[in-house]
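S.K.: Attaching a single structure in structure tokens format; questions to follow.
The values are calculated or read from the model by the stated rules, or taken from the named source; none is laboratory data. Computed from a predicted model, the values in this text were never measured in an experiment. Note: ideal-geometry Cβ built from the backbone for every residue, glycine included; neighbour counts use all protein chains shown. Calculation scope for accessible area: heavy atoms of the full protein, side chains included, ligands and nucleic acids excluded. Shrake-Rupley method; radii C 1.70, N 1.55, O 1.52, S 1.80 Å.
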Amino acid sequence: MTAAAETTPPPCSDVRPTHWLGVRPRLIVASAFMLFLELALIRWTGSNIVHLSYFTNFVLLGSFLGIGLGFLRVGRTARQPYYSPITLAVLVLVVLFFPVTVDRQTEGVLYWTSLSTSGPPPWLILPVIFTAAAVVLMGPAELVGRCFPELGRLEAYRYDLVGSLTGIGLFTALSFLGAPPVVWGVIAAAAYTVLLRPRTPQGRIALAVPSLVVVAALAAETLTAGALWSPYYKVTYDRFDWHGVPVMDIQVNGIPHQQAIPAANRLDWERQYALPYERAAARRLDDVLIVGAGSGTDVAIALRKGAGHVDAVEIDPKLRELGALHHPDRPYDDPRVTTVVTDGRAFLERTAGKYDLILFALPDSLTLVSGAGSLRLESYLFTRQAMEAARDHLKPGGTFSMYNYYRESWLVDRLAATMQAAFGHRPCVDIVSQAGQQAVITAGLTAEAQSCGAEWPGATAGTPPPTGDDRPFLYLRDRTVPQIYLITLGLILIVSMLAVRVVAGPYTRMRPHADLFLLGVAFLLLETKSVTGFALLFGTTWVVNAIVFAGVLVAVLAAVEVTRRFRTPPLPVMYGVLLGGLVLAWLVPDSWLLGLPLPLRASAAVVVAFLPIFAANVVFAKRFAGSSDGTTAFGANLLGAMVGGCLEYLALVIGYQALLIVAGALYLGAFALLPRAARAAPAG
């Protein structure tokens with residue numbers, strides 16, 4: 001007998017001695033592990049394969065596919081899914097032996113800061129990552145799915161949600177503690193051991209060997225790389241002397257990111273750091289705000305220029321920690337400095353402070369907000385509304401300035417035009433170097449508050465308009481979905497269709513659940529709108545992101561409990577409530593919520609965002625409870641979520657608010673496909 005041929009009965013019954021865990025605790029453990037593993041894969045692969053820093057949804061889509069396939073496999077085989085830990089071990093070795101750092105500038109989308117190219121090409125490594133993620137997640141999903149037939153539909157879904165909340169809670173706690181991936185590997189190995197419980201020597205080998213490989217490989221990475229794991233990046237650093245000057249060079253996810261250098265040397269070497277102070281006509285620096293304070297060089301420069309007080313805002317706690325420990329000037333030890341670890345836009349929306357100078361200091365996040373495929377951590381910093389918020393926090397005579405290596409002249413013009421729209425007059429634009437379009441853009445509260453070296457002639461023809469909070473895609477020049485995304489998503493859909501056919505058999509098996517498929521598509525768009533909306537309202541930090549995802553799961557769980565315990569209206573009525581919630585969300589845009597005081601904003605945002613989510617899941621719960629084949633119905637819904645993850649890129653063209661219209665159309669389609677028996681079912 002081979003390891004692959006080892007079989008156990010698929011049900012996880014309390015009665016049959018197939019497992020020491022009963023059905024309910026096993027379902028919770030399997031669901032928690034499934035979500036934990038998904039989050040860990042997204043986080044870890046993105047830290048080693050630079051492509052995935054900006055394509056986090058690539059792993060997410062693979063995970064959705066794998067989870068859907070796992071449910072569809074239930075009942076088709078009784079073999080234990082040892083393929084999952086084996087594939088995970090292979091994936092870990094491939095990623096560690098063939099990491100990728102790239103200079104990623106592709107058609108339609110711009111990415112900076114990476115200075116070298118290494119590792120396998122994207123056309124090779126990305127399909128490997130996608131396929132491996134699907135196969136790895138298919139295993140835990142199959143174990144979850146095997147528990148569903150042993151319980152009532154909604155009871156099983158209930159424990160699945162409890163497990164999902166447990167998984168996201170565990171991963172969030174480890175992120176807070178800065179736990180390295182070796183800890184994630186140990187948890188994965190323990191979960192596989194608990195869930196698979198091999199009973200033969202072949203089964204034990206099939207589990208033990210890949211588990212040891214995963215833990216050993218991640219331990220070696222942790223010990224040799226000397227990395228710090230922030231909630232956003234794998235951070236590595238080197239300290240050395242360069243011609244007698246102490247330097248700390250910081251890399252994130254394998255990309256050179258920033259250097260901590262004494263302020264005096266930085267001012268001598270690069271003129272851009274002095275220009276924000278030279279362009280301020282008043283030259284008063286009683287209060288300075290620096291967004292993107294990082295390891296502290298910009299803070300040290302502000303102190304050297306005579307700042308009376310500096311508010312230093314940095315989103316990544318590990319970068320702030322490195323600056324406090326190792327910056328040669330020790331700027332964070334200065335009593336004139338107050339540090340705030342948060343999102344820059346969120347700080348501007350919350351603070352009551354007024355400043356003589358507000359400086360956006362090379363904010364370039366190098367990563368996306370998880371669960372929102374096109375939103376970068378700094379996206380909401382460069383919209384017209386963000387610059388208006390900065391303007392409103394300037395003292396009389398104050399100035400606002402930003403600098404970076406913008407790479408493209410049209411991008412410099414776009415930012416300058418955005419600043420002009422926000423301040424009502426042309427800003428100062430200093431091109432420090434044509435190579436890389438190193439530029440400083442400065443605007444005074446009034447035209448008299450700025451002192452330009454030369455007048456900016458205005459945006460050239462063809463410059464894209466300023467970005468706004470609904471479409472905050474600064475680096476996307478045209479209102480289109482870039483070709484690289486279209487090709488990638490098209491290939492994902494083709495591969496997914498073939499995989500479903502191979503694993504689940506004829507598509508006719510899922511035809512009765514077509515409405516549940518569309519519910520999955522629409523719900524993912526609804527979730528994306530919620531994630532991006534809360535990121536704007538409360539910040540793009542990992543804490544906000546974790547709270548939103550947990551809140552979505554709580555809303556889903558509440559919908560299930562209400563459906564289980566109370567008499568709910570029939571499905572046509574609930575569809576009406578759902579569409580009413582979508583209309584409310586359309587009529588109350590995030591821009592209006594942003595103007596409310598924080599406590600009222602939070603309350604209103606929760607109602608507006610979670611009302612349609614709650615109603616959508618009452619619809620799903622009622623329909624799922626009456627389905628003829630629970631695991632197939634659930635799998636169809638999960639595959640729909642994967643398609644929804646592809647459709648969310650429509651936001652690049654139509655904006656996030658318009659995703660509500662797309663979701664509404666999909667929900668109408670689901671209602672049209674609702675079986676007659678379900679449509680005619682009475683309240684209950």
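S.K.: May I ask you to list the residues in segment 63-95 that are in contact with a Ser or Thr (Cβ under 7 Å, 6 or more places away or on another chain) and part of a helix (DSSP H, G or I)?
M.R.: Correct list: LEU65, PHE71, LEU72, PRO85, VAL95.
S.K.: Which of the residues spanning segment 465-506 are among the polar types (S, T, N, Q) and assigned to a helix (DSSP H, G or I)? Talk me through it step by step, then tell me what you get.
M.R.: Taking segment 465-506 first, the residues among the polar types (S, T, N, Q) are 467, 480, 483, 488, 496.
Of everything in segment 465-506, those that are among the polar types (S, T, N, Q) and assigned to a helix (DSSP H, G or I) turn out to be GLN483, THR488, SER496.
S.K.: For segment 140-199, give me each residue that is within 21 Å of VAL74 (Cα to Cα) and of a type in the set (S, T, N, Q).
M.R.: Result: SER164, THR193.
S.K.: If PRO569 satisfies every condition in (1) more than 26 Å from the chain's Cα centre (by Cα); (2) open to solvent by 40 Å² or more (accessible area, probe 1.4 Å); (3) modelled with pLDDT of 95 or more but one, which is the exception?
M.R.: (3)
S.K.: Residue under question is ARG345, and the condition is that it be open to solvent by 10 Å² or more (accessible area, probe 1.4 Å), closer than 29 Å to THR383 by Cβ, touching a residue at least 12 places away in the same chain (Cβ under 8 Å) and out of contact with any His (no Cβ under 7 Å at 6 or more places or on another chain); does it hold?
M.R.: Taking the combined requirement at face value, the residue does not satisfy it.
S.K.: Just the residues that are among the aromatic types (Phe, Trp, Tyr) and within 19 Å of ALA663 (Cβ to Cβ), please, taken from segment 591-620.
M.R.: As a first pass, look at segment 591-620 and keep what is among the aromatic types (Phe, Trp, Tyr): 592, 610, 614, 620.
Selection gives PHE610, PHE614, PHE620.
S.K.: Say whether the condition of being under 30 Å from PHE534 (Cβ atoms), within 29 Å of the chain's Cα centre (by Cα) and either assigned to a helix (DSSP H, G or I) or not charged (D, E, K, R) (or both) is met by at least one residue in segment 443-453. Even if it seems obvious, please write down each step before you answer.
M.R.: In the first step, residues of segment 443-453 are kept if they are under 30 Å from PHE534 (Cβ atoms); the result is 443.
Checking the rest, the ones that are also within 29 Å of the chain's Cα centre (by Cα) come to none.
No, there is no match, as no residue in segment 443-453 is under 30 Å from PHE534 (Cβ atoms), within 29 Å of the chain's Cα centre (by Cα) and either assigned to a helix (DSSP H, G or I) or not charged (D, E, K, R) (or both).
S.K.: Shifting gears a bit: Might you let me know whether segment 190-210 holds any residue that is under 16 Å from MET34 (Cα atoms), of a type in the set (A, V, I, L, M), at pLDDT 95 or above and open to solvent by 20 Å² or more (accessible area, probe 1.4 Å)?
M.R.: So far as segment 190-210 goes, yes, one or more of its residues are under 16 Å from MET34 (Cα atoms), of a type in the set (A, V, I, L, M), at pLDDT 95 or above and open to solvent by 20 Å² or more (accessible area, probe 1.4 Å).
S.K.: Right, next: Of all residues in segment 170-189, count the ones that are modelled with pLDDT of 95 or more and either touching a Cys at 6+ places or on another chain (Cβ under 6 Å) or not hydrophobic (A, V, I, L, M, F, W, C) (or both).
M.R.: Total satisfying the criteria: 1.
S.K.: Which of (1) of a type in the set (A, V, I, L, M, F, W, C); (2) at pLDDT 95 or above; (3) open to solvent by 10 Å² or more (accessible area, probe 1.4 Å); (4) under 30 Å from VAL544 (Cα atoms) is the odd one out, the single condition ALA417 does not satisfy?
M.R.: Unmet for ALA417, out of (1) of a type in the set (A, V, I, L, M, F, W, C); (2) at pLDDT 95 or above; (3) open to solvent by 10 Å² or more (accessible area, probe 1.4 Å); (4) under 30 Å from VAL544 (Cα atoms): (4).
S.K.: Since ARG567 meets every condition but one in (1) over 28 Å from VAL340 (Cα atoms); (2) assigned to a helix (DSSP H, G or I), which condition does it not meet?
M.R.: Result: ARG567 passes all but (2).
S.K.: Would you please list the contacts, defined by Cβ atoms under 9 Å and residues six or more apart or on different chains, that run from a residue in segment 510-523 that is within 11 Å of GLY635 (Cα to Cα) to a residue that is open to solvent by 40 Å² or more (accessible area, probe 1.4 Å) and among the acidic types (Asp, Glu)?
M.R.: These pairs meet every condition: HIS513/ASP629.
S.K.: Determine if segment 350-363 includes at least one residue that is among the basic types (Lys, Arg), within 23 Å of VAL440 (Cβ to Cβ) and out of contact with any Pro (no Cβ under 6 Å at 6 or more places or on another chain).
M.R.: Residues of segment 350-363 among the basic types (Lys, Arg): 350, 354.
Applying the additional criterion that residues be within 23 Å of VAL440 (Cβ to Cβ) yields 354.
Adding the requirement that they be out of contact with any Pro (no Cβ under 6 Å at 6 or more places or on another chain) leaves 354.
Yes: segment 350-363 contains one or more residues that are among the basic types (Lys, Arg), within 23 Å of VAL440 (Cβ to Cβ) and out of contact with any Pro (no Cβ under 6 Å at 6 or more places or on another chain).
S.K.: Hey, another quick one. Can ARG501 be described as open to solvent by 60 Å² or more (accessible area, probe 1.4 Å) and under 30 Å from LEU673 (Cα atoms)?
M.R.: Working: open to solvent by 60 Å² or more (accessible area, probe 1.4 Å): yes; under 30 Å from LEU673 (Cα atoms): yes.
Criteria met by ARG501.
S.K.: A further question follows. Which numbered condition in (1) open to solvent by 10 Å² or more (accessible area, probe 1.4 Å); (2) part of a helix (DSSP H, G or I); (3) small (Gly, Ala, Ser) is the only one that ALA179 fails?
M.R.: (2)
S.K.: Kindly evaluate ARG479 against the criterion of being under 29 Å from the mean Cα position of the chain (by Cα), open to solvent by 60 Å² or more (accessible area, probe 1.4 Å) and modelled with pLDDT of 85 or more. Lay out the reasoning, then the answer.
M.R.: Working: under 29 Å from the mean Cα position of the chain (by Cα): yes; open to solvent by 60 Å² or more (accessible area, probe 1.4 Å): yes; modelled with pLDDT of 85 or more: yes.
When the stated conditions are applied, ARG479 passes them.
S.K.: Going through segment 117-150 one residue at a time, which ones are open to solvent by 10 Å² or more (accessible area, probe 1.4 Å), in a helix (DSSP H, G or I) and under 13 Å from VAL100 (Cβ atoms)?
M.R.: PRO122, TRP123, LEU124, LEU126, VAL128
S.K.: Sticking with this structure for a sec: Which members of segment 233-247 meet the condition of being open to solvent by less than 20 Å² (accessible area, probe 1.4 Å) and closer than 22 Å to VAL95 by Cβ?
M.R.: Step one: of segment 233-247, the residues open to solvent by less than 20 Å² (accessible area, probe 1.4 Å) are 233, 235, 245, 247.
Residues satisfying the conditions are TYR233, VAL235.
S.K.: Further, regarding this structure: For segment 381-391, check the following and say yes or no: at least one residue is at pLDDT below 95, crowded, with 22+ Cβ neighbours inside 10 Å, closer than 26 Å to THR541 by Cβ and among the aliphatic types (A, V, I, L, M).
M.R.: Taking every residue of segment 381-391 in turn, at least one turns out to be at pLDDT below 95, crowded, with 22+ Cβ neighbours inside 10 Å, closer than 26 Å to THR541 by Cβ and among the aliphatic types (A, V, I, L, M).
S.K.: Quick one: would you say LEU154 is surrounded by fewer than 23 Cβ atoms within 10 Å (Cβ to Cβ), at pLDDT below 95, assigned to a helix (DSSP H, G or I) and in contact with a Ser or Thr (Cβ under 8 Å, 6 or more places away or on another chain)? Full working, then the answer.
M.R.: Numbers: surrounded by fewer than 23 Cβ atoms within 10 Å (Cβ to Cβ): yes; at pLDDT below 95: yes; assigned to a helix (DSSP H, G or I): yes; in contact with a Ser or Thr (Cβ under 8 Å, 6 or more places away or on another chain): yes.
Yes; evaluated as a whole, the condition is true for this residue.
S.K.: Here's a follow-up. Would you mention how many residues in segment 248-272 are free of Cβ contacts under 8 Å to residues at least 60 places away in the same chain and either under 14 Å from THR297 (Cβ atoms) or surrounded by fewer than 15 Cβ atoms within 10 Å (Cβ to Cβ) (or both)? Give the derivation first.
M.R.: First, the residues of segment 248-272 that are free of Cβ contacts under 8 Å to residues at least 60 places away in the same chain: 249, 251, 259, 264-269.
Next cut, either under 14 Å from THR297 (Cβ atoms) or surrounded by fewer than 15 Cβ atoms within 10 Å (Cβ to Cβ) (or both) only: 249, 259, 264-269.
Selection size over segment 248-272: 8.
S.K.: Which ones in segment 267-301 are touching a His at 6+ places or on another chain (Cβ under 9 Å), over 14 Å from ILE358 (Cα atoms) and of a type in the set (A, V, I, L, M)?
M.R.: Listed by number, the list holds a single entry, ALA300.
S.K.: Also, quick follow-up: Only residues that are closer than 27 Å to TRP242 by Cα and either among the hydrophobic types (A, V, I, L, M, F, W, C) or open to solvent by 40 Å² or more (accessible area, probe 1.4 Å) (or both): list them for segment 327-336, please. Quick ask: steps written out before the conclusion?
M.R.: As a first pass, look at segment 327-336 and keep what is closer than 27 Å to TRP242 by Cα: 327-334.
Those that are closer than 27 Å to TRP242 by Cα and either among the hydrophobic types (A, V, I, L, M, F, W, C) or open to solvent by 40 Å² or more (accessible area, probe 1.4 Å) (or both): PRO328, ASP329, ARG330, ASP333.
S.K.: Those residues that are buried (at least 23 other Cβ atoms within 10 Å of the Cβ) and farther than 20 Å from LEU348 by Cα, I need them from segment 285-317; list them, please.
M.R.: The answer is SER295, THR297, ALA300, ILE301.
S.K.: Starting from segment 214-231, take each residue that is open to solvent by less than 40 Å² (accessible area, probe 1.4 Å) and list its partners that are in a loop (DSSP other than H, G, I, E, B) and among the charged types (D, E, K, R), counting only C-beta distances under 8 angstrom and pairs at least six apart or across chains.
M.R.: That search, which allows pairs on different chains as well, returns SER230/ASP316; PRO231/ASP316.
S.K.: For segment 578-663, which helices (runs of 4 or more DSSP H) that fit wholly inside it have 3 or more residues that are open to solvent by less than 40 Å² (accessible area, probe 1.4 Å) and over 20 Å from VAL552 (Cβ atoms)? Show your work before the answer.
M.R.: Values: elements: 590-594, 598-625, 630-647, 651-654.
Helices (runs of 4 or more DSSP H) meeting the threshold: 630-647.
S.K.: If I ask for residues that are out of contact with any Ser or Thr (no Cβ under 8 Å at 6 or more places or on another chain), more than 25 Å from ALA189 (Cβ to Cβ) and not aliphatic (A, V, I, L, M), which ones from segment 121-150 would you list?
M.R.: Those that are out of contact with any Ser or Thr (no Cβ under 8 Å at 6 or more places or on another chain), more than 25 Å from ALA189 (Cβ to Cβ) and not aliphatic (A, V, I, L, M): PRO121, PRO122, TRP123, PRO127.
S.K.: Looking at segment 418-429, is at least one residue outside any helix (DSSP H, G or I), β-branched (Val, Ile, Thr) and closer than 25 Å to GLU349 by Cβ?
M.R.: no
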